[in-house]
Every structure is written in structure tokens, then in C-alpha cells.
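The values are calculated or read from the model by the stated rules, or taken from the named source; none is laboratory data. Being a predicted model, the structure only gives us computed values, none of them experimental. A quick note on method: Cβ atoms are made from the backbone with ideal geometry, for glycine too, and the neighbour counts reach across all protein chains shown.
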Number of protein chains: 2
Amino acid sequence: MAVYTDFSDEEFDAFIRGYDLGAVLSVKGIAEGVENSNYLLATEKGRFILTLYEKRVDPADLPFFLGLMEHLSGRGINCPLPVHDREGRALSRLANRPAAIVTFLDGVSVRRPRTEHCGAVGRALAQLHEAAEGFALTRRNALSVAGWRPLFELCAARADEVAIGLSAEIARELDYLEANWPADLPTGVIHADLFPDNVFFLSHRLSGLIDFYFACNDMLAYDLGICLNAWCFEPDGSLNLTKSRALLLGYNDSRPLSRDEISVLPLLARGSSLRFLLTRLYDWLTVPDGALVVPKDPVEYYRKLRFHRSVSDVSGYGFDL
Amino acid sequence: MAVYTDFSDEEFDAFIRGYDLGAVLSVKGIAEGVENSNYLLATEKGRFILTLYEKRVDPADLPFFLGLMEHLSGRGINCPLPVHDREGRALSRLANRPAAIVTFLDGVSVRRPRTEHCGAVGRALAQLHEAAEGFALTRRNALSVAGWRPLFELCAARADEVAIGLSAEIARELDYLEANWPADLPTGVIHADLFPDNVFFLSHRLSGLIDFYFACNDMLAYDLGICLNAWCFEPDGSLNLTKSRALLLGYNDSRPLSRDEISVLPLLARGSSLRFLLTRLYDWLTVPDGALVVPKDPVEYYRKLRFHRSVSDVSGYGFDL
């Protein structure tokens, strides 16, 4: 649930005149994307998403995000394509915020993924990784291993409000992951947030990927660890082996995993659990009263972290070579 | 800002199979309508609005609202048309709530209406009143004069938290309006909530009316009082005489006002101010912590009430016969 920023008729008219999109037929705030204000825009030229970037997005990153969508779109990935204004720019301003218009993608996200969805996401993630090759810009992953300790320090003192012993356990986990985090795996552009709400399906076929606002450069297999966590656990907290197997086989079909990538996957999935545990913990402890966004439960990722710690190799995900 | 209710994939699939709308292309929660959960639905057959009716809407009123839209649509008013399911019903259920699908209307609501918008709304309101003639169902206006005192009693004790002396002033106003409220004016179906967000324009022409969930039977001229308040005041609280004159002339062009209607218009506008003052006051004092909806300022309608009390006849609205 988002839509934070509203704008005046005059601001919007001046903004939209900067584009060659014909007359505006409708503009509706949509409850999508936690970080930004999003509007569904219909004009004589088609349907679009208008995004106003709010304070959690660094404007300096916008050329990376918008350029990446353009690069991927040009290489066959069905993702939103930024619309250029009359001066050729993908980035404009509205209501005193950076703003962009991208094409609208048909498709429906699934709330409870089934096995076939997991397989399709694995394949799409591998295709995304390959299509992103050659993209000229880079963006450091601020939410990888080096970013976790500073985040933890912001909420260490209050972590036990969420679960007794959580603070000490995160501290031990951080020590371990910092000492053992792999370095020599294949890297590239990763999506870094490919949760079910960011994947569209039409008639059970994967039809598009959205929300590239966490994309960055990192180990490709780490992205797979994120998807394992996001797609393959059941509501009761248990891993669904059939789903994780489908995800990994789907990925491996399109981009074969190296022996090294396979062997550290449990560690990467464990790190990905800590990353989402920490950001959710931070949001949980700092959510302002009366906020429009209900923070997500950190405990879900605490459980996933513990699960991955118990996995000795990828057979624990149903994947065998 | 709304969208309160979410639903599972299975619930939605079962629901949509009840309609002959082809494959679903997208479903997005939209930030529109304070009372209900609204989704923009695109299918192979076109674009629609899916509404889940939340607890503030009495299910017994839904046949009136949906039937009215169908009646008006059939008589040339551009308003949402309920889509019937395969069994011929306009009303279905989703996520354990009454739910309906209506056609999507193109158009953009204006945030700061100009004079030409006010004239167009006056004409559209008169056309709506005439088109509604012959509609078989009726619905009492629970928010007319008889409903104001019970509402006041719920917030009288705390009204002075909003403005010192407000409680006593509302009490005096209620006494006066109850004693002087007119009875013998022409009645019919009124929209009762025709604020700028419920009126769409395309290229400066009025293109449609939405949100009939306050519609009821009452004095037609009372609806005009509501529109005077909703469309003709400037942000600084002053009436814009050019706008109110355009609204009244626009209405009178399509449905000439009787002498009696004209003479009591200041009283009806005053009553309409009290109605919105009371509902806003109630919402203001009862909004739960962490609510998704920011309540609207009651003081705006307190000022409008005082203004109308100072108006002796319709020349105070720029309207002369």
C-alpha cells in the first residue's frame, strides 16, 4: 500500500505536456509498491505507470534503475520500459520529486505460488541475469554482507522486543557470515527483490517482471537465494522441497550453475534470510504511529535463517546434480 | 485511500469464473473511495472496477445503488454500469463480502474546479435528477435533517476539541434547521455526494459521474446545496460567486428551479454544511490509531455553515432571476 504524494492539476498538466502521450484518459493512484507513489495512467497512446520517487530512493540511483529496464527490455525481458519525454529524458519531475513514466505490463501476481510458478521464476531469473550482461552502469549492493552490521547496530538494543534472544543470535550469525561469505562467484546485475508481487503471470505463464528498485551488482547465485526464500516456503514456515527443486532446476536449465555456486547456495540463502530479517526488523521497530504501511513480520525470516543453517548441501533443497 | 480487503488466488478465481469476462489481464488495488475496497480489473473484454463492500455499506442498500446505476446508464447518464454474472445477478460475493463489477469510466477528476467545471456539474446534476425519474426503488436519506441530531449526540461532548464553542453552535443550528426545514419541494433521487472526485472530465468536457453509494430520495434542490459547498468555495474559505452562479445557471438551464426551490436554497446549503460538518466531526473524533484514512477537516464545513447563514437570498450566490 503506497501512494503518498498528490499533485495539483497544474503540476500534472505541465508534467504530462512534456511527453508525447496524447490526451490523458485517466490517472488512478494504485496500492502497489511500498517505497514510491504509483499511478496507473491511461492516455490515447496506451496504459502506463507513473512513479514518483519518494525519499527512500536515492535520486542518484535512478539512471541505473531506468537504464537497466531499458537494457533488459531491449534484450527480450518483458519488464516496464521507461518512456522518454520530448527532450529524450527517461527521468522528469512532478510535485517536487523525481518522476518517471514506464509502460504498463499486463499480468497478475500470484499470492500463493504453486510449483509451476517456481519453475517459471527460476527460468526467468536466469534469463534476467543473462540479459543484463553488458549493461554499462553498476550499483553496489548496499544490502549485502557489508551493510548488515550497520543495520543491526541500529536495532540491536531493541531486537529482543520481537523475540527473546534474537539480538544475540543475529550477532553470532553476523560473525559467521562475515567470516565465511564467498567472494569468487560469478557476479552481475541481480534483481534482489524478486518476490511474488513482482512477477506477473497470464494464464499460468510468466508474463513479466517489475520493480527493479533494489537491483544492483552482486553474486548471481545470491539472487537465487532470495527467490528460494520468497517463493518456496509454505505459510506454516516449512520449505516445500518440490517448489525449491523446481526453482533451482528452472534456473539451472537456462543458466547452468557452477559447482561453486551450488556448494555455497545454503550459505547464500542464509545470508539472504539475514538481510530480510534485518530490514524487516528495522522497519518493525521504527514504523511511525499512523503509518500507511503495515510492516512485514521479521520472525518469518528468523525461521528461514534457522532452516538454512540446518541445510548441509543443495540436496536439502531437492536439487541433485 | 482505501483497499482494505485482500483475497486469495482461489477466492478470486472462483469469483471471476462467475462472469463472462474472458481471461483476467490485471487486477490492481486503487486508492479511491473511502468506504469500500476498489480494484481496477482488466480482462479480455475490457476494463472494469471491482468493488468489495465494506462494513459501512448496508448490504440491503446495494440493490438500490446498483439498480440506480443501471437505470441512469439506460437513460443516457455516463456512469458505471453494473456487469451481470452468468446467472444474471449484479451482486456477487468475494472474500466473504458483497462484491460487484462495474464498467470502467475514462476521465480525470479535477482537484481545483474552474468556473466551466462548475457550470458543467450544474447541468449534469439536473440531468441526473431527470434521468432518475421512474426508478422503481427508493432509499431514505439517513443523513438528512432527522439524522443529524443522533449524529450530533454521539460527538457533542467532544466537539469543542475541534473548535471552542462548536458544540453550542451546532445545538442552536440544529434547533433552527429542525424547525425551519422545508417539506413541500420537488423530490426524487439525489446523488448526495457529488464532490469533485466523483466527476470525470476529458479535455475539459464532463465525461462521467461515479460513486452512487450515498444516493437516496430527498429534495432535489438539497443536492444543489451539496454541490454549492463542494464546488464553489476557494481554498481560503470564501465563496467564488462566479462559480456558484455558473453552477446554478447550469442546473437551471436543464431543469428550471421553482420559485420555492430558489427561495430556500440558502437554507438547504446551510443544512448541507451541517450534514458534512457532523459526519466529518464524527470521523475526526473516532478515527482509530493507525487508520489508513486521514479524516477530512470538519472546520471547513463549519465556515461554510456560517457563510450560508449570512446569505439572505440566492443573489448571495450570484444567481438572479
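Taking each residue of the range B:168-191 that is in the same structural domain as B:Gly134 (by TED's automatic domain parsing) and part of a loop (DSSP other than H, G, I, E, B) and looking for partners that are at pLDDT 95 or above and charged (D, E, K, R) with beta-carbon atoms closer than 8 Å, six or more apart or interchain, yields B:Pro182/B:Asp260; B:Asp184/B:Asp260; B:Leu185/B:Asp260; B:Leu185/B:Glu261; B:Pro186/B:Glu261; B:His191/B:Asp223.
Conditions (1) in contact with a helix residue (DSSP H, G or I) (Cβ under 7 Å, 6 or more places away or on another chain); (2) within 25 Å of A:Leu143 (Cα to Cα); (3) modelled with pLDDT under 95, marked per residue:
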| residue | (1), (2), (3) |
| --- | --- |
| A:Leu62 | no, yes, no |
| A:Leu72 | yes, yes, no |
| A:Gly76 | yes, no, no |
| A:His84 | no, no, no |
| A:Glu87 | no, no, no |
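Just wondering, is there one or more residues in the range B:221-233 that are outside any loop (DSSP other than H, G, I, E, B), under 30 Å from A:Thr5 (Cα atoms) and acidic (Asp, Glu)? No.
Only one of B:Gly134, B:Gly122 is in contact (Cβ under 8 Å) with a residue 60 or more places away in the chain and not in a loop (DSSP other than H, G, I, E, B); which? On inspection, the qualifying residue turns out to be B:Gly122.
Is it the case, given these coordinates, that A:Asn96 is among the polar types (S, T, N, Q) and free of Cβ contacts under 8 Å to residues at least 24 places away in the same chain? Against the criterion (among the polar types (S, T, N, Q) and free of Cβ contacts under 8 Å to residues at least 24 places away in the same chain), A:Asn96 qualifies. Taken over the range A:194-214, the criterion of being within 16 Å of A:Asn78 (Cβ to Cβ), more than 10 Å from chain B (Cβ to nearest Cβ) and in a loop (DSSP other than H, G, I, E, B) is satisfied by A:Leu194, A:His204, A:Ile210, A:Asp211, A:Phe212. The set of residues in the range B:247-260 that are in contact with a Phe, Trp or Tyr (Cβ under 9 Å, 6 or more places away or on another chain) and buried (at least 18 other Cβ atoms within 10 Å of the Cβ) comprises B:Leu247, B:Leu248, B:Asn252, B:Leu257. Restricting attention to the range A:95-110, the residues that are away from chain B (no Cβ under 14 Å) and at pLDDT 95 or above total 5.
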